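Down below is the structure, laid out as structure tokens.
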Amino acid sequence: MSLSLSADQPAVPAVADDGVWLECIECGETFAPFDDVRYTCDECGGLLEVRYADLPTFDDFEGEGQGVWRYADALPFDAGVSIQEGATPLYEVPRLEDDIGVEALRIKHEGMNPTGSFKDRGMTVGVKVAKELGVGRLACASTGNTSAALAAYGSRGGMETLVLLPAGKVAAGKIAQASLHGARILEVDGNFDACLDIVQELAGRGEAYLLNSLNPFRLEGQKTIGLEILEGFLADYDTVPDRIVLPVGNAGNTSALYKAFRELVQAGALEAEDVPKLTGVQADGAAPMVEAIENGADEVRRWDDVETRATAIRIGNPVNAPKALPGIRETGGTAVSVSDEEITEAQRDLAGEGIGVEPASAASVAGLRKLRADGIVDDDERVACLTTGHLLKDPDAAAAAGSDPEPVPADTEGVLEHLQE
Ligand SMILES: *Cc1c(COP(=O)(O)O)cnc(C)c1O
Ligand SMILES: [Zn+2]
């Protein structure tokens, strides 16, 4: 099957353009990459993947670009619509590492991207494709960060953007970003999954170019998270991590990281047995992927009612599940859900190491703590946790998780007195 870890080389179809094509993960049908607007397979409706005739090894990444574009050899273009995304920190967290009890723990903080989430890595590629295709209007459904990134990259590319958000369920920082970067913001009286249903129909009718992670090109940019983590571990520990723990919403990142690793295996740059175990974390109130992994199911059951403080992963119908489930299974990983309280506790733990993240991001650390406590993660593992978005994205959640301001009088004696209380 095409989504396994194998060193087999693909046959290059006639539709390939400069060694790049689109391929259906279900039926194998191939399509030219930039001739038509297409998000899913014409034949069977399956998800599409970008495929390459030539895949790079680590040596090939010493290119001229920076951040995401240092990995141009693993991407469909040499350059995108860029605001210098990628090259995010891989923080050491010695206290947390000790406390959770693993051999090594590093935090890949994607909140340090231009708009404060990993979505930028996908948009630099996706908006470039939109320009290649010559489409006019860009659109996405979003729990917030996709809209912030699309608004910024769309305006950078000089294009019109439309974002559909679940009313009342998007963190303040994210709406502010979409607003200032000039997107038209449509607040939908429904949840994220309803927004995505609508935007898919709009895209199907040719009203807009869809930039949700259903768009296979976005996942290409997001592969670079995995490449950066591997290079970081190779530099510091001389080995790739045993496990990568990440929050799961639509499972785009899970799919993208798995694809990055499959391509390295195919290029002969990584052994299949060394591929990090992809470990997904969801909130208890929105955990359809966890349910599917636990039940050994081939398909994810859509959850109609989802709820969690981690609004970025408040998703009941993860569209990339057919790509992500094999990723978790083939790498020997797992999926786990955590409570909102555990998420907030992990948010405080990270803050205690100087790392400010939004609630969804902290789910990775909360999940690792739980899996370690349950003995599913061993004490000799080297682990990378992905934190997907910045603290300032959701200032209300941060304020609620942190300490309250204390009123004091406007004189030194009064302040000293208060401090001694
Ligand atoms: C989009 C997003 C997620 C979910 O990522 P998927 O790739 O859809 O699984 C998690 N955390 C944050 C902060 C996000 O913005
Ligand atoms: Zn198909």
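Give, as a single signed number, the net charge of other residues whose beta carbon lies under 9 Å from the beta carbon of GLY157, with Lys and Arg counted +1 and Asp and Glu -1.
+3
Specify the residue with the greatest mean-square fluctuation among GLU342, GLU29, GLU263, computed from a Gaussian network of the chain linking alpha-carbon atoms under 10 Å apart.
Looking only at GLU342, GLU29, GLU263, the largest GNM fluctuation is found for GLU29.
If you average the alpha carbon positions of the range 100-157 and of the range 223-244, how far apart do those two centres end up, in angstrom?
For the range 100-157 versus the range 223-244, the Cα centre distance is 21 Å.
Could you check how many percent of all C-alpha pairs in the range 119-210 are farther apart than 16 Å?
Across the range 119-210, Cα pairs with separations above 16 Å total 47 percent.
How much mean residue ellipticity at 222 nm does the chain get from its helices, if each DSSP H run of length 4 or more adds -39500 (n - 2.57) and you divide by all residues, to the nearest 500 deg cm²/dmol?
Value at 222 nm, helices only, nearest 500: -11500 deg cm²/dmol.
Can you give me the relative contact order of the range 119-210 as a percent, contacts being Cα pairs under 8 Å and 6 or more apart?
Relative contact order of the range 119-210: 32 percent.
Less than 14 Å Cβ to Cβ from ALA183, Lys/Arg counted +1 and Asp/Glu -1: what total charge do the surrounding residues give?
For residues surrounding ALA183, the net value is +3.
Please compute the modelled spin-label separation between LYS131 and ALA87, points set 7 Å along Cα→Cβ, answer in nm with one decimal.
1.9
One-quarter of the Cα convex hull surface for the range 267-317, in nm²?
5.1
Along its principal axes, what span do the Cα atoms of the range 1-151 show, with the longest given first and each in whole Å?
Here the spans come out as 53, 39, 33 Å, largest first.
Starting from the eigenvalues of the Cα gyration tensor, five times each then square-rooted, give me the equivalent ellipsoid semi-axes of the chain, largest first, whole Å.
With the √(5λ) rule applied to the chain, the semi-axes are 34, 26, 20 Å.
Using just the C-alpha positions of the range 203-335 as equal point scatterers, what log10 of I(q)/I(0) does the Debye formula give at each q in 0.15 1/Å?
For the range 203-335, the Cα-only Debye profile gives -0.73.
Report the percentage of all Cα-Cα pairs in the range 1-59 whose separation exceeds 16 Å, rounded to a whole percent.
It works out to 44 percent of all Cα pairs.
Name the residues of the range 198-230 whose amide N is less than 14 Å from a point 7 angstrom out from the Cα of CYS27 along the C-beta direction?
So the set is empty, nothing qualifies.
May I ask you to evaluate 6.51 cos²θ - 1.76 cosθ + 1.60, the Karplus curve with θ = phi - 60°, for each residue of the range 116-125 and list the ³J(HN,Hα) values in order in whole Hz, giving x for glycine and proline?
The phi angles translate into x, 8, 5, 4, 4, 5, x, 5, 4, 7 Hz.
Of the trypsin sites (Lys or Arg not before Pro) in the range 298-397, which ones lie in a loop per DSSP and count no more than 16 other C-beta atoms within 10 Å?
ARG301, ARG302
Of the candidates GLY221, GLY67, GLY280, which one comes out as most mobile in a Gaussian network treatment of the chain with C-alpha springs shorter than 10 Å?
Maximum fluctuation in the GNM of the chain, among the listed residues, is at GLY67.
What is the Cα centroid distance between the range 353-371 and the range 252-300, reported in whole angstrom?
That distance is 18 Å.
To one decimal place, what orientation-averaged projected area in nm² is obtained for the convex hull of the Cα set of the range 276-391?
Dividing the Cα hull surface by four gives the mean projection, 7.0 nm².
Let me check I've understood the local charge: for PRO288, count other residues with C-beta under 9 angstrom from its C-beta, Lys and Arg +1, Asp and Glu -1. What total comes out?
With Lys, Arg at +1 and Asp, Glu at -1, the net is +1.
Using amide H atoms built 1.01 Å from N in the peptide plane, name the residues 5+ places from LEU105, or on other chains, whose amide H lies under 5 Å from its own.
Correct list: VAL93, VAL383.
Can you tell me the orientation of helix 359-373 relative to the chain, as the angle in degrees between its alpha-carbon axis and the longest Cα principal axis, to the nearest 10?
Orientation of helix 359-373: about 90 degrees from the principal axis.
Return one number: the angle in degrees, 0 to 90 and rounded to the nearest 10, between the long axis of the Cα atoms of helix 145-156 and the longest principal axis of the Cα atoms of the chain.
The two axes meet at around 60 degrees.
Once you place label points 7 Å from the Cα toward the Cβ at GLU345 and LEU416, how far apart are they in nm?
In this crude spin-label approximation the distance works out to 4.1 nm.
Dividing the alpha-carbon Rg of the range 45-134 by 2.2 N^0.38 Å yields what?
This ratio for the range 45-134 stands at 1.35.
Only the coordinates and a few stated rules stand behind these numbers; no lab work does. What you are looking at is a predicted structure, and each value in this text was computed from that prediction instead of being measured. Here Cβ is always computed from backbone atoms with ideal geometry, including for glycine, and neighbour counts include all displayed protein chains.
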